[in-house]
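Take a look at the structure set out below.
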Amino acid sequence: MAIPLVLTIADWGEDPRLRPTLRIYHWWLAVGALIPVFRLFAWYVLRRGPSVIDSLAAQMQANQSPAKRRALEWTFFWSGAVSFCTIAILVLIPAFAVAFSEKSKPDPPLTGAVIRQIYGTATTIENNRFRVTGAVRGPLREWPADATRKYDSAGLVIAMLDGAEVAAFADAHELRKLRKSFAAQRDGVFTCTVRTHDEGGRSISDHYRRLYAWDENDLEPIPEEAKPFTPTGRRMLVDYVDP
């Protein structure tokens, strides 16, 4: 009951259309809320309440040897719960260990030299995670949903210390996080985690154009000193991941 409650509170305000897994948390909460009703039904309608347990305990105390009584107590009261917890621990601990190990790995910084390296490779580099630090140029550009775009989204320009720039886009899943981190930036320094977009950040994929209508031309114009970092003279395009 506690786990789905915490997850529901943490994701409150998210749109279930964008995150269908939210419905699992809501289903867990509904089932958890009905458990007391089922328990009362079992106690008073099916006659399987505390009185049955007390009667069984009294019989064990009166008629059984201590060893057999302990065996019955283990079988009736504890074996199910201990077996469930053991299986849950055996399944969850390795999964949490792997997830924590992957999460603890630092993302490499994105710099102008890295951008030149990515654009210099013949193979397409997609979904590589990087840490970006720089100054935001211009306001946060938001594209609200309308007849041509299905979901709300936003974008911004991040100018890095070496002069290179990236255009970071946030889809509807990450939009709320981007607004918070944009408002919380200190002393003009903005830091976030990004992924390279389609074709190593060279273009916006048709999927995102159809759903969000992202357009780099709606952002601040690229200055001359930032153009030499890519062969096209454009910014590298990245997807905003989290603060």
- request: Determine the distance separating the Cα centre of the stretch 215-243 from the Cα centre of the stretch 82-96; give it in Å without decimals.
  value: 46 Å
query: Which value, in Å² rounded to 10, gives the accessible area of Ser55 with a 1.4 Å probe and all protein chains present?
result: 60 Å²
- prompt: Quick one: how many Å² of Cys192 are accessible to a 1.4 Å probe, rounded to 10?
  reply: 0 Å²
- request: Please calculate the 1.4 Å probe accessible area of Tyr240, with all protein chains present, and give it to the nearest 10 Å².
  value: 10 Å²
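The values are calculated or read from the model by the stated rules, or taken from the named source; none is laboratory data. What you are looking at is a predicted structure, and each value in this text was computed from that prediction instead of being measured. The accessibility values were calculated without ligands, DNA or RNA, using every heavy atom of the protein model including side chains. Shrake-Rupley method; radii C 1.70, N 1.55, O 1.52, S 1.80 Å.
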